[in-house]
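A.B. asks: Before I ask anything, here is the structure I am working with.
The values are calculated or read from the model by the stated rules, or taken from the named source; none is laboratory data. Nothing here was measured: the structure is a model prediction, and the numbers come from that model. Cβ placement follows ideal geometry from the backbone for every residue including glycine, while neighbour counts extend to all protein chains displayed.
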């Protein structure tokens, strides 16, 4: 676990800076905002202790909130998806496909399972985030949730493809 803990702690500054300095400043079509930092929560091993996973998700969300000037929206959404991650994985990832400390990657669980699992995590995150941000719901916000989720999924899949081709 120490190997993964150090790796994932080291990735936090990279993803937070990428999110805050690049992705938050580039709104695709002035409407879509991808959240690439979700790949850290998606890929962390399932056997990570719950307290560590929740703390890790909170830390990522808190840093994004801190540098974005938001009021805890990201930390709330990231902690929530970390909380439901294991239950969602039991539904979407085939049984006995992962070892105890295997990361959730495209190559390990297969493309269909990875896409479904990642998209549900991203969709739930974005739904909660935008619902908290706007405090009401209409078709425009639904469009923003769906379009931001799709763009985020595409970026996560591109990142996964680069990671798997690098090995």
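A.B. asks: Here is a list: 78, 48, 105, 39. Which entry is touching a helix residue (DSSP H, G or I) at 6+ places or on another chain (Cβ under 7 Å), farther than 21 Å from residue 147 by Cα and either buried (at least 16 other Cβ atoms within 10 Å of the Cβ) or touching a residue at least 24 places away in the same chain (Cβ under 8 Å) (or both)?
C.D. replies: Testing whether each residue is touching a helix residue (DSSP H, G or I) at 6+ places or on another chain (Cβ under 7 Å), farther than 21 Å from residue 147 by Cα and either buried (at least 16 other Cβ atoms within 10 Å of the Cβ) or touching a residue at least 24 places away in the same chain (Cβ under 8 Å) (or both) leaves just 105.
A.B. asks: Within segment 91-99, identify whether any single residue is out of contact with any strand residue (DSSP E or B) (no Cβ under 6 Å at 6 or more places or on another chain), at pLDDT 90 or above and in a helix (DSSP H, G or I), and answer yes or no.
C.D. replies: Among the residues of segment 91-99, at least one is out of contact with any strand residue (DSSP E or B) (no Cβ under 6 Å at 6 or more places or on another chain), at pLDDT 90 or above and in a helix (DSSP H, G or I), which makes the answer yes.
A.B. asks: Failed condition for residue 21, given (1) within 16 Å of residue 160 (Cβ to Cβ); (2) in a helix (DSSP H, G or I), with all others met?
C.D. replies: Here residue 21 clears every test but (1).
A.B. asks: Would you please list the contacts, defined by Cβ atoms under 6 Å and residues six or more apart or on different chains, that run from a residue in segment 139-154 that is under 11 Å from residue 31 (Cα atoms) to a residue that is crowded, with 18+ Cβ neighbours inside 10 Å and at pLDDT below 90?
C.D. replies: 148/33
A.B. asks: Please give the number of the condition residue 83 fails out of (1) within 26 Å of residue 63 (Cα to Cα); (2) not in a helix (DSSP H, G or I).
C.D. replies: Unmet for residue 83, out of (1) within 26 Å of residue 63 (Cα to Cα); (2) not in a helix (DSSP H, G or I): (2).
A.B. asks: Can you name every residue in segment 126-145 that is assigned to a helix (DSSP H, G or I) and farther than 15 Å from residue 70 by Cα?
C.D. replies: Keep residues of segment 126-145 that are assigned to a helix (DSSP H, G or I), which gives 126-134, 139-145.
Of everything in segment 126-145, those that are assigned to a helix (DSSP H, G or I) and farther than 15 Å from residue 70 by Cα turn out to be 127, 139, 140, 141, 142, 143, 144, 145.
A.B. asks: Does residue 62 qualify as being in a helix (DSSP H, G or I), surrounded by 18 or more Cβ atoms within 10 Å (Cβ to Cβ), free of Cβ contacts under 8 Å to residues at least 24 places away in the same chain and in contact with a helix residue (DSSP H, G or I) (Cβ under 7 Å, 6 or more places away or on another chain)?
C.D. replies: No: the conditions fail for residue 62.
A.B. asks: Collect the residues in segment 20-30 that are surrounded by 12 or more Cβ atoms within 10 Å (Cβ to Cβ) and within 16 Å of residue 154 (Cβ to Cβ), keeping them in residue-number order.
C.D. replies: 23, 27, 28
A.B. asks: Could you identify the single residue in 87, 69 that is under 17 Å from the mean Cα position of the chain (by Cα) and either loosely packed, with under 12 Cβ neighbours inside 10 Å or under 23 Å from residue 141 (Cβ atoms) (or both)?
C.D. replies: Only one candidate passes the filter, namely 87.
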